[in-house]
Amino acid sequence: MQEYDDRLLIGATLKEDDWPIIFGMLRVASGLSIMGSIWVITEILLDKRKQYMCYHRLIFAISSFNLLTEIWFFIAERAQSPDKDRKDWKHGTVTTCRMSGFSIYLGTLAIPWYNAA
């Protein structure tokens, strides 16, 4: 039987210096997703024929919720409230942290429901 190394667990090998890299990757991925959502929303809004089709209205709703979610993912590190014990890269308040959590949770629930429709 194979024994598992504790270092293989997610997050077990992360050091304090790794977080800026992770948030940088998150910014790039969410930035690309923001541009894609804006493109889809613009395409649907500019074509009157697409606005009346049920399929395009569902895609519009998915892209709108995705845009909301990805904007909060993009500013995730800034929206979190800082820890009291250490100097941190977080600059938000409790309110911005709650707004971020609500918006990300809303998108996490709404996008799969629209995909299922």
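Table for the structure above
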| quantity | calculated |
| --- | --- |
| Rounded to the nearest 10 Å², the accessible area of Tyr114 at probe 1.4 Å | 80 Å² |
| Solvent accessible area, Å² - Phe60, 1.4 Å probe, full protein context | 70 Å² |
| Rounded to the nearest 10 Å², the accessible area of Met53 at probe 1.4 Å | 80 Å² |
| Fully extended contour minus Cα-Cα distance, from Leu46 to Thr93, at 0.36 nm per residue | 13.1 nm |
| Rough spin-label spacing in nm, given labels placed 7 Å along Cα→Cβ, for Thr108 and His56 | 3.3 nm |
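The values are calculated or read from the model by the stated rules, or taken from the named source; none is laboratory data. Since the model is a prediction, treat every value here as computed from it, not as a measurement. Using ideal geometry, Cβ is built from the backbone for each residue, glycine included, and neighbour counts are taken over all protein chains shown. To get the accessible areas, we keep the full protein, side chains included, count just its heavy atoms, and leave off ligands, DNA and RNA. Shrake-Rupley method; radii C 1.70, N 1.55, O 1.52, S 1.80 Å.
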